[in-house]
Structures are given as C-alpha cells and as structure tokens.
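Encoded as structure tokens, the structure appears first; notes follow it.
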Amino acid sequence: MANTFSLPMSTKEIDRLDILRRLLRSEISGPMAANSLALSTRQVRRLKASVKKNGALGLIHGNRGKPSPNRLPDNERKRIVALVSEKYLDFTPTFAAEKLSEVHGIDHDPKTIQAVLVEANVWIKRIKRKKEQHRSWRERRPARGDLIQFDGSYEHWFEDRGGEACLLAAIDDATGEVVHAMFDYDEGVVPVCGFWEAYLAKHGKPLAIYLDKFSTYRMNLPTARENADTLTQFQRAMQELHIEVIHANSPQAKGRVERLFQTLQDRLVKELRLNNISDIETANKFLTEKFIPAFNTKFAVDPRTKANHHRPLIQRETNNLSAILCRQEERTVRSDFTISYATHWYQLTAEQPVNVCKKDVIIVEERRGGAVQMRLRGKYLNYYTLPVRPSKTLKTPIWVLPASERPVAKPPANHPWRLQMKASVLQTHLTHTRTD
C-alpha cells in the first residue's frame, strides 16, 4: 500500500482517510464506516479498495494538479496578457473583458480573463472592506420620472491631457438610466441651470429631484435655514416649475448617483483616453452620442410599471424656461432711473411697456452668456449700459455758499441804511462849515 503523496488534501478527505484506515485495521466494520462517512456501503468498499491500493492518493480526484481540458491555449493566454498590459492595464477584469471582445474579438467570460491576469501577476484581486454601518435597503421608485438623483463630481476626467472638470449627471431611480449628463467647469448656478434647461426640454418635468446640500442647492447658514422663504436660485427655479426638491442627509442616501460616479470614474475616464478626448465640448458630444446609450443598454433595468411620470412643460414654461433657469436678483429704481447690478450701471429709457416709478423693485435676470434682462410686473424694460457711474443727486439744498459764489446785492437809494449814511455825511459837513 502506497503511503506517500504530494498533492494537498482537504479536511474532508483527511477525515475520510482516518476512518478508512481504521476500517483497514478492522477496528470498525463496513456499515459503521458508511454511517460515519454518510455514504453507502458500496461506496465505502470502493474507497477502501482505492486506499488499499494507492494510499491517500486514492481519495484524491485523478484530475487534481493537472491542467483543465478547457484551459485556454498558451498562445491565447499570452495574447490576452500582452493586450491588457499594453492598453488596459488599469482596467478591471470585467471592463477589460468587454474591451477585448469589442475591439479585438477575444470573447471570454470576465472570470476567465481575471484568472489569466491573476496567474500572470498582471492584476491583483482587491479585498472588499466590510461595511461599518448598517443601512436599510430602499426599494426603487416604481416608474420613470418619479425621482431623479442628481449630483456633480470634480475629477481629472481627461487625466494629464486636461485640467480638472466637473461632471453633472442625473440618474433615474426607477431604472438606473443616466437620463442626462454633461461636463462643465464647476457646479455653480449657471452650469446647473444649463443642465436642467436641457434636461427639461428633452424629458419634461420629473416629480422630484434628490440631491445633496451643496450651497448651489440649499442655503446652509443657520439664519437662512430658519427662514423658509430664503431660497437659492435653484430652489426658486424648481419652485416656479413645481418640482419637489429633496435634500439627502448623507451620501449613502443618494447611493445610486454615488455609485454611478464610482463607475464613471473608472469606465468613462478610460473611454475618454481610448478615444483621445481632452476637451469639454468633444466630451459632451461623446457622452450624448455614444457613451450614455451604450451605458444604459448594459446597466439599466426595467421599471416595475411602464408609466412615465415626467410632466410636459406648459406653453408659458416653454417660452420662459431660460428666464426661469437663470440668476435672478431684485434691484430698486433710483431717483435718476438707473439700476446698479454686478458693478455695472444701467439707464432705463423713457419709453417702457409698463409704468416705471422711482423706488420700484424690479427683477434683474442674468442669463447664461452674461446677457442681462430687467423685468417689472411681467414686462421686460428697455435700458442701455452707462459707461461710468452716474453722479449723485443732492437731496437737500446748500444753505451756505462759498464767497466767490455769493450774489452781490446793492440796496436801493431809499434804503434806510443809505438814508442813514447820507444823514451822517450831511451832519459832518455842516459841523465843519460852522467851524470855518
């Protein structure tokens, strides 16, 4: 009976070997061994004969330690490793498998690609960290347009080919579809308003928007939060459009859009690199025409209901969409009918579509691109830009004038002061005459 073996054995096989050796020494019977191993007596007799002939190797499967008959050929494995090392070194195995199939015609399961890369020490499997805080799962909304999760992500999307940019993206909670995305330089009022103007014109109005508490979307000062009428430009615009705004209390609460950005920071960065895209304009065109349709085809799911709860814009909203989604501020008409806004001065003309009075409060709209419009009682006012700041008008008269500007008043001939002077001169003349 052979007793030497070089292949590793599992704990289950070691336990079986111990019982079968006791059976061979006649310490236990066949039925007792079958009962301990939870096997049939026929199977125990087969294992007993195998151990008696081959020792511990009799319990090890004959294919253990041998290459699998389904193993990829060595030349195929070398080609995969070479392509990944050259073009897709920082790709995940799943994403690398997609690109190998799409671009190079190498169609294998991602697990197979992962095994090849791990064996070649090209990719090291990452260990997922355990979640530290338990959070309850929230069911998706039932229909499209019920809830849109929205956020912005600053990242070096073009790597060393361009500077940092901000990706604004909206994902439908019911389907996981990226309904709209665009690159811009920041997450300020103007880019966000431009994003939603394009979204609303294409899809209509969702019932609610779910986003974080960034200053563009919410007043974060304590005094502002206490006043329900203190709104950001975004809140004011959504209020005019009758769209509910929901603020998440944590990043995990809007997990779909957060996970979307994790995926995009991996996949989109590499897609932009493969297509040699390094500017915002080209990237936005690539997003709309290629990336988002392919992304939604791969990752989107069907909603529970086929209804679409996006509401169409009414005619007034369609006509005034650019005016609603812009920066609006109040200004007071001065006594000389001028308006001050953003370091510039504007003069209201005499001809207006509505009666304008001093101290009227008008709405100044700063559209995208810097165009300024002024509105009073629903009518847009006529104005022109002043080259310099107008001089101040004096509200109170000046009581004391400088000596050079004082008027010279000559008293009339019959003025008491003149008569007194004449009488004094005449008295002096008579006195001298009598003395002489």
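Bear in mind these aren't lab numbers, they're just calculated from the coordinates by the rules spelled out. A quick note: this is a predicted structure, and the numbers were derived from the prediction, not measured. Note: ideal-geometry Cβ built from the backbone for every residue, glycine included; neighbour counts use all protein chains shown.
Between Ala198 and Asp302, what is 0.36 nm times their sequence separation minus the Cα-Cα distance? Round to one decimal in nm.
Here the segment from Ala198 to Asp302 would lengthen by 35.0 nm.
Among the lysines, select those whose C-alpha is under 28 Å from the C-alpha of Lys111, and discard any that sit fewer than 8 residues away in the same chain.
Cross-link targets: Lys12, Lys66, Lys78, Lys87, Lys99, Lys125, Lys128, Lys130, Lys131, Lys270, Lys290, Lys298.
Please give the contour-minus-distance gain from Gln265 to Arg79: 0.36 nm per residue of separation, less the Cα-Cα distance, rounded to one decimal in nm.
Contour length minus Cα-Cα distance gives 64.2 nm.
Using modelled amide H (1.01 Å from N, peptide plane; none on Pro or chain starts), what sits under 5 Å from the amide H of His180, excluding residues fewer than 5 places away?
Counting only residues 5 or more places away or on other chains, the set is Ala170.
Can you work out the Karplus-derived ³J(HN,Hα) for every residue in the range 142-148? Use 6.51 cos²θ - 1.76 cosθ + 1.60 with θ = phi - 60°, whole Hz, and x for glycine or proline.
These are the phi-based 3J(HN,Hα) values: x, 9, 4, x, 5, 8, 10 Hz.
Among the lysines, select those whose C-alpha is under 28 Å from the C-alpha of Lys358, and discard any that sit fewer than 8 residues away in the same chain.
Lys379, Lys392, Lys395
Taking θ = phi - 60°, what integer Hz values does the Karplus form 6.51 cos²θ - 1.76 cosθ + 1.60 yield along the range 52-66, in sequence order, with x for Gly and Pro?
Couplings: 4, 7, 10, x, 4, 4, x, 8, 9, 4, x, 8, 5, x, 9 Hz.
So who's got an amide H within less than 5 Å of the one on Glu155, skipping anything under 5 residues away but keeping other chains? H placed 1.01 Å off N, in plane.
For Glu155, the qualifying residues are Ala165, Leu167.
Between Ala423 and Ser391, what is the spin-label point distance in nm, taking each point 7 Å from the Cα along the Cα→C-beta axis?
So the two model labels end up 4.9 nm from each other.
For a quick check, take a GNM of the chain with Cα springs below 10 Å and name the residue from Arg368, Arg141, Arg418 with the largest mean-square fluctuation.
Arg418
Relative to the Cα centre, what is the charge dipole magnitude of the chain, using +1 at the beta carbon of each Lys and Arg, -1 at the beta carbon of each Asp and Glu, and rounding to the nearest 20 debye?
Its charge dipole is roughly 1580 debye.
Sorting check: for 369-381, 77-89, which peptide has the highest mean count of neighbouring beta carbons within 10 Å, and how do the rest follow?
Top of the packing list down: 77-89, 369-381.
Please list, in order along the range 201-218, the HN-Hα scalar couplings obtained from phi with the Karplus expression 6.51 cos²θ - 1.76 cosθ + 1.60 (θ = phi - 60°), rounded to whole Hz, x for Gly and Pro.
5, 8, 10, x, 9, x, 6, 8, 10, 10, 8, 8, 9, 4, 4, 5, 9, 7
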